[in-house]
Amino acid sequence: MKKILLAMCLALGLQQAALAGFTEGATAYNNKHYGTALKEIAPLARAGNADAQHLLGLMYYMGRGVPQDYQQAFEWHHKAALQGKADAQYVVGAMYYTGNAVIQDHRQAVSWFRKAAQQGHGEALHTMGLMYRYHIGGVPQDNVIAYMLWNLAAARGAPNAAEQRAAVVKQMTPEQIEEGQALSARWKPNTPLPGRSVTGAE
């Protein structure tokens, strides 16, 4: 029993130390002290901390504290994305969408955008709305689902989501708007997004 308690205490201590290191690194990054940020963040990223991996990926992407390297940026974001970090999943999706450091693949992009959106990530919800509106990456064209996603994205403060919603609503019937509102009200983060609507699918 003492060994179990000791192991739990050690694990908790390591988690707290990792959290403290990440906080210091993130604060340094936000204050533009990139050398200090790298010193704190890189060991945590190598140890598997998803938040640190995402931040290190951003540092490589932007060339802050390290030489700009999109391949390294992708690799670190991908590691964090595989652990379920929504911000990293969104970046991986964007890099697949643009073909930045990877072969352009809109279906892969949609897969990663969807993972982030299903966690309630505002920008990913907005982007998935665009996928449904314009039939991109194998996603069916569906104005109702696009409307629903922009509703959710706008509620989370995603820029341009409200404008996109206002534009698509002009092309929707009252029944489609009603379905879009109902889908928005019912959906909860960490549950699947609907694949298509009843009234808006083409």
Under 15 Å, Cβ to Cβ, from Q53 - net charge with Lys/Arg +1 and Asp/Glu -1 = -2
Residues whose modelled amide H sits under 5 Å from the amide H of D142, counting only those 5 or more places away in sequence or on another chain, are R133, H135
Out of A162, H121, G65, whose Cα points farthest toward the positive end of the dipole of the chain (charges: +1 Lys, Arg; -1 Asp, Glu; placed on Cβ)?
-> G65
Treating only the Cβ atoms of Lys and Arg (+1) and Asp and Glu (-1) as charged, compute the dipole magnitude of the chain about its Cα centre; round to the nearest 20 debye.
-> 540 debye
Kindly provide the helix-only [θ] at 222 nm of the chain, computed as the sum of -39,500 (n - 2.57) over DSSP H runs of four or more divided by all residues, to the nearest 500 deg cm²/dmol?
-> -22500 deg cm²/dmol
Neighbours of P194 by Cβ distance under 14 Å: Lys/Arg at +1, Asp/Glu at -1, summed charge +2
For region 147-200: accessible area per residue (Å², 1.4 Å) | 56 Å²
Which aspartates and glutamates have a Cα lying under 12 Å from the Cα of K39, excluding residues fewer than 8 positions away in the same chain?
-> E24
Dividing the alpha-carbon radius of gyration of the chain by 2.2 N^0.38 Å, where N counts its residues, gives 1.21
Highest-fluctuation residue, L183, L55, L82 considered, GNM on the chain with Cα pairs under 10 Å = L82
Would you mind checking the pairs K115/K170; K79/K188; K32/K79; K79/K115 and listing those with alpha carbons more than 22 angstrom apart?
-> K115/K170; K79/K188; K32/K79
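The values are calculated or read from the model by the stated rules, or taken from the named source; none is laboratory data. Bear in mind that the values here come from a model prediction, so they are computed numbers and not experimental data. Don't worry about glycine lacking a Cβ; one is built from the backbone with ideal geometry, like all the others, and counts go over all protein chains shown. The accessibility values were calculated without ligands, DNA or RNA, using every heavy atom of the protein model including side chains. Shrake-Rupley method; radii C 1.70, N 1.55, O 1.52, S 1.80 Å.
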